[in-house]
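Everything on this sheet refers to the single structure shown next.
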Amino acid sequence: MAVHGPQNWWPGKTRFEVIVGAILTQNTAWTNVQRAITALRREKLLTVKALEGVSLRKLAGLIRPSGYFRQKARKLKEFVRYLRLQHDGSLTKMFRTPTATLREQLLAVHGIGPETADSVLLYAGKHAVFVVDAYTRRILERHRLVRGTESYDDIRGLFEKSLPANRQLFNEYHALIVHAGKHFCHAKAPLCSTCALRQHLPEIPEDAR
């Protein structure tokens, strides 16, 4: 944080918008998600009731910039259906559910995997869970803190055991990892010489860069 400053992540005007963004960002860049969210906001569809009422076809068309738009439209519909059936359509009620229980519920919803579930819990619900993404794996592997065979939950557990259970810390920590991954720790040709983590990085074999 001393180098890059607070990241103020996740961007979103409401908890529901954060959840929508977490689903839409699967397998795409955030710039594409922003375009889709702008379209949803323009049509006044960034509420639970509005999203549940819109047709699947119209929803898919609006979120087309995010890619896999038909699948993601169904995922959004499945989430609001789950919210209505399990929590009377209330995000407040949903986020009052104990973390472990809510995480199991979210993982049972079509289209919500571990990373999306944890993003919803941390960024929208303020639950103290750590989010693991591709940037996290890449950085840990290059620092030789993991072998590369660990499961999502193994890596999540590593962070949660090593850091105080503080949701603000988890939020900022993960956001800084994303920043480092986007701007320095590229999959190919990483910019190690200008990365703030360089002093902690062992020599990387050429074939691993």
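Read-outs throughout are calculated quantities, based only on the coordinates presented, and are distinct from any laboratory measurement. Quantities reported herein were computed from a predicted structural model and do not represent experimental measurements. Don't worry about glycine lacking a Cβ; one is built from the backbone with ideal geometry, like all the others, and counts go over all protein chains shown.
Compute for segment 15-124: radius of gyration divided by Kirkwood radius, i.e. Rg/Rh, restricted to C-alpha atoms, rounded to two decimals.
On the way: Rg = 12.8 Å, Rh = 13.7 Å.
So for segment 15-124, dividing Rg by the Kirkwood Rh gives 0.93.
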Rg/Rh (Cα only; Kirkwood hydrodynamic radius) as it applies to the chain: 0.99
Student exercise, the chain dipole from Lys, Arg, Asp, Glu Cβ charges, in Debye to nearest 20: 980
Inter-centroid distance (Cα atoms) of segment 69-134 relative to segment 145-175, Å: 19
Dipole magnitude (debye, nearest 20) for segment 140-188, charges at Cβ of Lys, Arg, Asp, Glu: 200
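What value does segment 134-208 have for Rg/Rh, both radii from Cα atoms and Rh as Kirkwood defines it?
Values: Rg = 12.6 Å, Rh = 13.1 Å.
With Rh from the inverse mean 1/r over Cα pairs, Rg/Rh is 0.96.
Report the net charge of residues surrounding R103, where surrounding means a beta-carbon distance below 15 angstrom and charges are Lys +1, Arg +1, Asp -1, Glu -1. List each step's numbers first, then the result.
Details: positive: R96, K126, R156, R167; negative: E104, E115, D118, D153, E160.
Once all neighbours under 15 Å are counted, the net charge is -1.
For the pairs K44/K126; K49/K126; K93/K126; K49/K75, note any where the Cα-Cα span goes beyond 20 Å.
On the way: K44/K126 25 Å; K49/K126 23 Å; K93/K126 13 Å; K49/K75 15 Å.
In this structure, K44/K126; K49/K126 lie more than 20 Å apart at Cα.
Count charges around N32 for me, please; just the other residues with Cβ under 13 Å from its Cβ, Lys/Arg as +1, Asp/Glu as -1. Before the final figure, lay out each step's value.
Details: positive: R35, R64, K72; negative: none.
Net charge around N32: +3.
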Cα-projected label distance for H183 with K13, points at 7 Å along beta-carbon direction, nm: 2.7
Helix axis angle, 69-87 relative to the chain longest principal axis, alpha carbon, degrees: 70
Net dipole in debye of segment 15-124 [+1 Lys, Arg Cβ; -1 Asp, Glu Cβ; about Cα centre; nearest 20]: 500
Sorted by Cβ neighbour density within 10 Å, fewest at the top, the residues L191, L45, L76: L191, L45, L76
